1. Counting just the residues of the range 239-275 that are away from the ligand (no atom under 12 Å from the Cβ) and among the aliphatic types (A, V, I, L, M), which one comes out nearest to Gly28 (Cα to Cα)?
2. Could you tell me which numbered condition Lys303 fails, if it satisfies all but one of (1) touching a residue at least 40 places away in the same chain (Cβ under 8 Å); (2) touching a Lys or Arg at 6+ places or on another chain (Cβ under 9 Å); (3) over 24 Å from Arg47 (Cβ atoms)?
3. Among the residues of the range 47-62, are any under 21 Å from Gly349 (Cβ atoms), small (Gly, Ala, Ser) and surrounded by 13 or more Cβ atoms within 10 Å (Cβ to Cβ)?
4. Residue check: is Ile287 touching a residue at least 24 places away in the same chain (Cβ under 8 Å), open to solvent by 60 Å² or more (accessible area, probe 1.4 Å) and either assigned to a loop (DSSP other than H, G, I, E, B) or under 30 Å from Leu40 (Cα atoms) (or both)?
5. Name the pairs: first residue in the range 168-180 and touching a residue at least 24 places away in the same chain (Cβ under 8 Å), second residue part of a loop (DSSP other than H, G, I, E, B) and among the β-branched types (Val, Ile, Thr), Cβ to Cβ under 6 Å, at least 6 apart or on different chains?
6. Could you list all residues from the range 124-151 that are in a helix (DSSP H, G or I) and touching a Lys or Arg at 6+ places or on another chain (Cβ under 8 Å)?
7. Open to solvent by 40 Å² or more (accessible area, probe 1.4 Å), farther than 30 Å from Val203 by Cα and not in a helix (DSSP H, G or I): which single residue out of Ser366, Ser295 fits that description?
Amino acid sequence: TGLITLDPGFVNTGSCKSDITFMNGEKGILRYRGIPIEELAEHSSFRETAFLLIRGILPTQKQINRFSVLLNDHSLVHEDMRDFYGNFPRASHPMGILSSMVSALRSFYPYLEDVEEEIDITVTRLLSKVRTMAAMSYKMSRGHRVVYPRPDLSYCANFLNMMFDSPVKPYEIDEEIVRALDVFWILHADHEQNCSTSAVRIVGSAMVNLYSTISAGIAALWGPLHGGANQAVIGMLSEILKEGTTVKQIVERAKDKNNPFRMFGFGHRVYKTYDPRAKIMKKMCDIVLSRLKLSDPLLDIAKELEEVALKDDYFIEHNLYPNVDFYSGIVLRAIGIPTKMFTVMFAIGRLPGWIAQWKESIDDPSSKISRPRQIYIGPRQTKYVPIEERE
Ligand code: CMC
């Protein structure tokens, strides 16, 4: 074997060539297929961005119409899958449920995915059903009647309807709220080789089916250092609100090297400046709250925390700025998404990115099964000791 270079956390390792997403961490730039995230957030829809990521180009009118028909055709979830939902303990985390259910899809749709049209159907099925399954798990966890998808509604409006349609709706779903969700999902749609996407590429490299591959991505995203941070941010802000911890105390706790606590929603492996997604999300908080005529004390706390942290020497020296998760929870809370489901919202948004990255890797003739090496630091050869002689 040749010389092995250790790179814990793959900080300096490039794992693939990709033409999907461009990031510049110093300047805070993010582009999907060359298009700046700011332009997509302003003009695109999540459905269109998903097409862009997966197919590599913006769709024509005809293509987007066809895509919408396919999304509608595949939006229902097999009725037998409902029994699974019914049998999870009520307190189960929706991320665990989602990754199990996505994995289970393989048993319900056991087609081969090596034919181009089959891949297209599998991809559309996933995009559409994951949204239905997420809303279904919410409804069932509350003991409410499941709401079916409606072909007359857009991707995002459909999701909100499946979540909140009931005789006691929290609010009337309108264009502005649908737009907020569109933007939230566009901002999450891809982020090059992050932990969950790398999981998708690694698992996919073994040529396992797409459902199991995506299920692995969902599992990775669940972690509080990754997609779970949006939920952790709300916990941190609520602590300030409810337990009287001061903003300064949180900043000090984050700096304390004897305390494993981290300031959630701050810092990023790639961005060493303000996360461009966080800028858009921060503005979105004000738009959504004013649209719904709500005020959220957590937003004021978040803004104050940001101000104090950005002036602090530790945060300045470590290049720690707000990331996408810092403000996203406030938007989600305002539109009625329970905190426990925040990471599920991230997962639905990231799905087009995972699929695009998986597709790129399996289409690449030079790709190989992922198989890193290690530097062994265990004992040299030792003898097997029979149990009666062991101490
Ligand atoms: N609070 C306090 N200190 C921090 C933080 C933070 N949020 N983030 C990084 N640091 C410090 C860290 O202690 C280390 O200090 P030192 O060099 O003195 O030991 C230094 O900054 C570098 O940290 P690192 O852990 O080596 O950096 P990383 O690139 O491995 O970690 C990160 C990136 C996002 C995991 C980390 O910044 C973090 O834990 N942030 C909080 C969790 C979070 O918000 N995650 C969401 C990320 S964005 C969305 C997503 O990708 O899912």
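The values are calculated or read from the model by the stated rules, or taken from the named source; none is laboratory data. Computed from a predicted model, the values in this text were never measured in an experiment. Cβ: placed from backbone, ideal geometry, glycine included. Neighbour counts: every protein chain shown. Please note that ligands, DNA and RNA were not included when accessible areas were found on the heavy atoms of the full protein model with its side chains. Shrake-Rupley method; radii C 1.70, N 1.55, O 1.52, S 1.80 Å.
1. Looking at the filtered set, the residue picked out is Val247.
2. So Lys303 meets the others, but not (1).
3. Yes, some residue in the range 47-62 is under 21 Å from Gly349 (Cβ atoms), small (Gly, Ala, Ser) and surrounded by 13 or more Cβ atoms within 10 Å (Cβ to Cβ).
4. yes
5. Ile177/Ile335
6. Met136, Lys139, Met140, Ser141
7. Ser295
Results for (1) outside any loop (DSSP other than H, G, I, E, B); (2) basic (Lys, Arg); (3) over 20 Å from the mean Cα position of the chain (by Cα); (4) surrounded by fewer than 23 Cβ atoms within 10 Å (Cβ to Cβ), shown as yes or no for each residue.
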position	(1), (2), (3), (4)
Ala254	yes, no, yes, yes
Tyr327	yes, no, no, no
Arg333	yes, yes, no, yes
Gly353	yes, no, no, no
Lys359	yes, yes, no, yes
